[in-house]
Amino acid sequence: MIHYFLVVNSSGKPRLTRFYRQEPRERQQELVAAAFQLVVRRPAGACNFVEDEATFGPGTKVVYRQFATLFFIVVCDQAESSLGILDLIQVYVEALDQVFENVCELNLVFSQPKAYVLLDEIVTGGLVLDTNSREVMARFREVDRAMRAPDPSQSPKGNPQGGNSLR
Amino acid sequence: MQALFQQSLKDMIAGIRAHPGREAAHVHNVVIPVTRKEASSPDPRVKAVAVQKAAYLHMMGFPADWAAFPTVEAMSSQRLSYKAAGYQAATLTFNSETDVMLLIPNLLKKDLAASPLECCMALDCLSNIMTVDLARDLIADVFGLLSSSRPIVRRRALLCLFKGLEKFPDALRPCFKGLCERLDDSETPVVSAAVSVLCELCVRHPQNYLQLVPALYRLLQASQSNWMTLKLLKCFAALVPLEPRLAKKLAGPIEHLLTSSEAVSVRYECVQVVVVGMASQERPVDLAIQAVQGFVASSDPNVRYLGLCAVQALLQALPSRAQEFRETVLQCLDGSDTTLVRRCLELLAGMVDGETLVPTVGVMAGKASALALQDPETSGRIVKLLTEMCSGNRYALLSDFGWYLRLLVELAQLPHSRHGGLIADQISDIALRVEAVRGDLLSAVRPLLCDPSLLSNRDPGSTVHRVLHVAAWATGELAALVPQRREVLEALLQPGVRHLPRRTQVAYLVALTKILVAGQAGAEGGEADSWAGLVRAHMGHFLESPHQEVQVQARELEQVLGVLEGAGGAAGAAFATQLAGAFGDTLGPVSLKAQSKVAVPEGLDLAAPELAQPEAGGGAEDGAGHSGA
């Protein structure tokens, strides 16, 4: 099972955090900082796996990948395959790339809700839902379309911004 | 109207980013008050945007508990986008302490029975925020969705069901049949989800799932998806140790996967299955060993790491086969990747035997020296591990103590070392237990005492003084064996000693006393006088030490010197012999449990206070007349 899915930038700022094990807010911040410290000093060419049972609990492993200025860090237990999780991160990043076209950190900063919706099509409750990028994208588009549908209760002379200001 | 002027989520983020270095102040003073107000707005769109913003603030580390009730309101909205905002915020911010959780079961029930999109949203949120109460209230509804007509709903329901069962295990029995029926679902992704759930259950309590072996076996043979194969293999790794007949049955599929699968992940899981329960099957074992050889020789560091994990598993199950990898593991030690290095170290500690101890420890000590400056933490771990390897089981594997002592002395001098205490303990332990090497021990530690650079070590965390302490102690304790007494005395009298901690200085003084006395007892007159003169000439800094203990010990030494010098000749030698006799009893090591074996004498109550309790307001004078027992 996946315990946490974290996306942190190269200064340690959280860009997207999913805690599949419930933690209080202060502990969440500690975990993000600890995960960042674990991966930031790794040399290039090192393997993508780290162990820190003292922080994350016995039997856990940390799988991470760096893309440009972002670290994608997954903390999981022994029921997950390490290489499988590495693939999962790849699927998510490729999906982000399709949604945002040449995705960069700013996309995650300003369009965080979309990034979460996309992640929720891949992992739910800490268990992997889908690893097929075509399927994931198809369902994401379905959800996105439904969210963009105009509000039937709004009058035509309503909000000048129009449409859905939640995107 | 409020909606017109509300900052969207993007605007809020841009606003926060426009205050670099003062984000916290901006958020607390401006953003949170405004968003709080918006969250209590009657306009559902304003509320939904506010809830989104609150969730973002929570992720950044700011408190957003004030948004809990508005979040529930957004979740109950009819409009999908507002509902989505509510659910997302709930997933991010709710935990078991959130009191509004009591309000959501009915809301979730309603959405679970609604359109597929709303149902999926509810299932996803529920999977992430599941509590015992939610599980008890909603697990029946989730279970019902296992027979939904949409595959995606069935998949999400399966995974959500697992989260419910985690919190409310009593529901497992009634749900089990329905769960297993999904293994025969017409849609492969649904079967995959069912396998994922069963894998999680199986890994935790394998003994309850042996009945599933036929179904899982059938799925393994038919599986087209790597992901499902991986999960099935993990199930079997948990089941095979409990059912020996399974080993023979699995031989076929495992051999097939090990020879034909291109995915390293699949081959790795096969190796795990073989190692935990198929040691009796020759061909799978051979194929597994071949696979591991391929992994550890790979140029991809991730695959090498998995190879080392596999060797670790082999070490527990098939230690003789694991020894074949010793050389490769030693080579893997030679990198800068701390994950691999740590794995290698654990492996080496487990693989070592009497013959391989010396070369393996030699390589490890070399690595510790190489890493001492750039990665002191890993260097320290290596030192700790190699002392455990050498001293484990009362030095069972160690035959050459002289070599080990010289190695310890080298390691004590590594820069940034924090393992002085560990090395000191080892040296004192060997000095006490291994009589035969005491002479070697003194020769090994003498360079430490004589080295002036160790005395001027300014590193605040340095522990080298612990080793110096033990070196001085050993030299004093074994004073009769000390060769080159003059050199040792000069070393103990170096001016730099006054920078050492006070306890170490006291140890130096005690050692000086003992060596002097031991020397007097057996030496010719002239030599003995010159040693006394040497000590008297150079002990000035001890007498003037700011530490009281050091001064006291130094004065005692001065008195001894006075007696020796004053008495002269035979009387001096007689005095020295008497004193040497006092130092002569050897104290052996004392067990940690020794105190508990001492019987308490009859009539002695250890818990009764020794002094009369002072009366209230009595103050200090009560204790004045008492002396220690």
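Observations, loosely collected:
- Solvent-accessible area of the range B:126-228 (1.4 angstrom probe, protein heavy atoms only): carbon and sulfur portion equals 51 percent.
- Radius 15 Å from Cβ of B:A370, net charge of other residues (Lys, Arg +1; Asp, Glu -1): -3
- Estimated D of the range B:204-273 in µm² per second, where Rh is the Kirkwood radius over Cα pairs and Stokes-Einstein applies at 20 °C, 1.002 mPa s: 178 µm²/s
- To the nearest 10, the accessible area of B:D99 is 120 Å² with a 1.4 Å probe.
- Total formal charge among the other residues, if their Cβ is under 13 angstrom from that of B:R283, Lys/Arg +1 and Asp/Glu -1: -2
- Largest accessible area first, the listed residues B:L306, B:L80, B:L606 line up as B:L606, B:L80, B:L306 when surface is computed with a 1.4 Å probe on the assembled protein chains.
- 13 Å beta-carbon shell around B:E73, net charge (K/R +1, D/E -1): +2
- Against the rule of thumb 2.2 N^0.38 Å, how large the Cα Rg of the range B:29-118 comes out: 1.03
- Long-range HN-HN contacts of A:R15 with modeled amide H, under 5 Å: A:V7, A:V8, A:N9
- Ordering A:V74, A:Q98, A:F5 by Cα displacement along the dipole of chain A toward the positive end leaves A:Q98 in first place; charges were set at the Cβ atoms of Lys, Arg (+1) and Asp, Glu (-1).
- To the nearest 10, the accessible area of A:Y92 is 0 Å² with a 1.4 Å probe.
- Ordered by 1.4 Å accessible area with all protein chains kept, B:V276, B:V240 run largest first as B:V276, B:V240.
- Average Cα contact separation per residue, the range B:366-494, under 8 Å, 6 or more apart, as relative contact order %: 25 percent
- For the pair B and A, the buried accessible area comes to roughly 5700 Å² in total, with a 1.4 Å probe and the value rounded to the nearest 100.
- Distance between the C-alpha centres of the range B:115-151 and the range B:1-74: 29 Å, rounded to the whole angstrom.
- In this view, the solvent-accessible surface of B:K593, computed with a 1.4 Å probe and all protein chains in place, comes to about 140 Å².
- Per residue, the convex hull spanned by the Cα atoms of the range A:21-95 measures out at 113 cubic angstrom.
- Helix-only CD estimate at 222 nm, as mean residue ellipticity for chain B, using -39500 (n - 2.57) per DSSP H run (n ≥ 4): -21500 deg cm²/dmol
- 5 angstrom amide H check on A:F67, placed H, neighbours 5+ away: A:F72
- 3J(HN,Hα) couplings calculated from phi for the range A:98-115 with the Karplus curve 6.51 cos²θ - 1.76 cosθ + 1.60 (θ = phi - 60°) are, in sequence order, 6, 5, 9, 6, 6, 4, 9, 4, 4, 4, 5, 5, 8, 10, 4, x, 5, 4 Hz; Gly and Pro show x.
- From the largest down, chain B spans 110, 76, 63 angstrom on the principal axes of its Cα atoms.
- For the protein assembly as shown, a simple Cβ point-charge model (Lys and Arg +1, Asp and Glu -1, everything else neutral) yields a dipole of about 2740 debye relative to the Cα centre.
- Cα shape, the range B:407-449, gyration tensor, a/c 1.5 rule: oblate
- Here the Karplus curve 6.51 cos²θ - 1.76 cosθ + 1.60, taken at θ = phi - 60°, turns the phi angles of the range B:326-334 into couplings of 4, 5, 4, 5, 4, 5, 5, 5, 8 Hz, with x standing for Gly and Pro.
- Estimated inter-spin distance, A:E26 and B:A140, nm [label 7 Å along Cα→Cβ]: 4.1 nm
- Peptide A:126-134 has a mean shielding of 6, counted as Cβ atoms of other protein chains within 10 Å of each residue's Cβ.
- A simple charge model with +1 on the Cβ of Lys and Arg, -1 on the Cβ of Asp and Glu and nothing else charged puts the dipole of the range A:47-100 at about 100 debye relative to its Cα centre.
- Ellipsoid equivalent to the range B:68-132 - semi-axes via the Cα gyration tensor, in Å: 17, 12, 10
- Charging the Cβ of each Asp and Glu at -1 and of each Lys and Arg at +1, and nothing else, the dipole of chain B about its Cα centre rounds to 2560 debye.
- Averaged over the residues of peptide B:76-89, the number of Cβ atoms from other protein chains lying within 10 Å of each residue's Cβ is 4.
- Across all directions, the shadow cast by the convex hull of the protein assembly as shown built on its C-alpha atoms averages 47.4 square nanometres.
The values are calculated or read from the model by the stated rules, or taken from the named source; none is laboratory data. Everything quoted here is computed from the prediction, not taken from an experiment. Glycine also receives a Cβ, built like all others from the backbone with ideal geometry; neighbour counts cover every protein chain displayed. Ligands, DNA and RNA are excluded from the accessible area calculation, which covers all protein heavy atoms including side chains. Shrake-Rupley method; radii C 1.70, N 1.55, O 1.52, S 1.80 Å.
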